[in-house]
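One structure is given here, and the rest of the page talks about it.
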Amino acid sequence: MADSNAEVYVISVAANLAGMHAQTLRNYDRLGLVTPQRTSGGGRRYTKRDVALLREIQRLSQEDGVNLAGIKAIIDLTQKVHDLEHENEDLKDRLRQSEAQRGRPKGELVHVPRTTAVVMWEPRSRRRRGEHGAQ
């Protein structure tokens with residue numbers, strides 16, 4: 001367990017909080033939708049985050065009509081987006097640190113319209129003579 005002081009719930013309490021039957025939680029665990037922590041004896045322990053996810057699964061299923069395979073895909077993709085956003089922030093921080101150590105970059109990134117290309121642009125005054133043809 002990541003935080004030994006975090007609240008966890010036994011399956012019957014988590015099922016009650018989520019408005020479901022305990023057997024539904026067992027099925028969701030088997031399907032990999034919600035994977036609770038386990039005690040050394042194998043008992044399931046659900047966190048507040050798990051209960052919130054159970055409620056979201058119930059909402060997607062009952063209100064939006066999404067089947068369990070679709071819900072699993074949504075959960076997986078949501079986690080990937082979260083992971084990528086976190087990685088992106090880390091990379092931005094590393095870039096800022098790197099630029100601060102090197103000083104200001106020589107050029108800037110410029111988006112080229114109607115394409116997915118990104119190129120490094122430098123003002124003509126910084127280009128070396130002859131590097132890009134006669135000037």
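Does segment 25-43 include one or more residues that are free of Cβ contacts under 8 Å to residues at least 60 places away in the same chain, out of contact with any helix residue (DSSP H, G or I) (no Cβ under 7 Å at 6 or more places or on another chain), farther than 27 Å from N5 by Cα and polar (S, T, N, Q)?
yes
One residue is enough: does segment 73-85 have a residue meeting the conditions among the polar types (S, T, N, Q) and over 20 Å from the mean Cα position of the chain (by Cα)? Give the derivation first.
Going residue by residue through segment 73-85, those that are among the polar types (S, T, N, Q) are 78-79.
Filter once more, keeping what is over 20 Å from the mean Cα position of the chain (by Cα): none.
Checked segment 73-85: no residue is among the polar types (S, T, N, Q) and over 20 Å from the mean Cα position of the chain (by Cα).
Would you mind finding the one in R55, R45 that is outside any loop (DSSP other than H, G, I, E, B), of a type in the set (K, R), open to solvent by 80 Å² or more (accessible area, probe 1.4 Å) and modelled with pLDDT of 95 or more?
Working: R45 fails: open to solvent by 80 Å² or more (accessible area, probe 1.4 Å).
R55 is the lone residue from the list that is outside any loop (DSSP other than H, G, I, E, B), of a type in the set (K, R), open to solvent by 80 Å² or more (accessible area, probe 1.4 Å) and modelled with pLDDT of 95 or more.
Quick one: would you say A69 is hydrophobic (A, V, I, L, M, F, W, C) and open to solvent by 70 Å² or more (accessible area, probe 1.4 Å)? I'd like the intermediate steps shown before the answer.
On the way: hydrophobic (A, V, I, L, M, F, W, C): yes; open to solvent by 70 Å² or more (accessible area, probe 1.4 Å): yes.
Criteria met by A69.
Can you tell me which residues in segment 21-42 are more than 18 Å from I74 (Cβ to Cβ) and either among the acidic types (D, E) or open to solvent by less than 40 Å² (accessible area, probe 1.4 Å) (or both)?
Of everything in segment 21-42, those that are more than 18 Å from I74 (Cβ to Cβ) and either among the acidic types (D, E) or open to solvent by less than 40 Å² (accessible area, probe 1.4 Å) (or both) turn out to be A22, L25, P36, G42.
Under 9 Å between Cβ atoms, at least 6 apart or on separate chains: pull out the pairs that start in segment 65-77 with a residue that is of a type in the set (K, R) and end on any residue that is open to solvent by 60 Å² or more (accessible area, probe 1.4 Å).
K72/L31
The values are calculated or read from the model by the stated rules, or taken from the named source; none is laboratory data. Nothing here was measured: the structure is a model prediction, and the numbers come from that model. A quick note on method: Cβ atoms are made from the backbone with ideal geometry, for glycine too, and the neighbour counts reach across all protein chains shown. We work out accessible area using only protein heavy atoms, side chains counted, and drop any ligands, DNA or RNA first. Shrake-Rupley method; radii C 1.70, N 1.55, O 1.52, S 1.80 Å.
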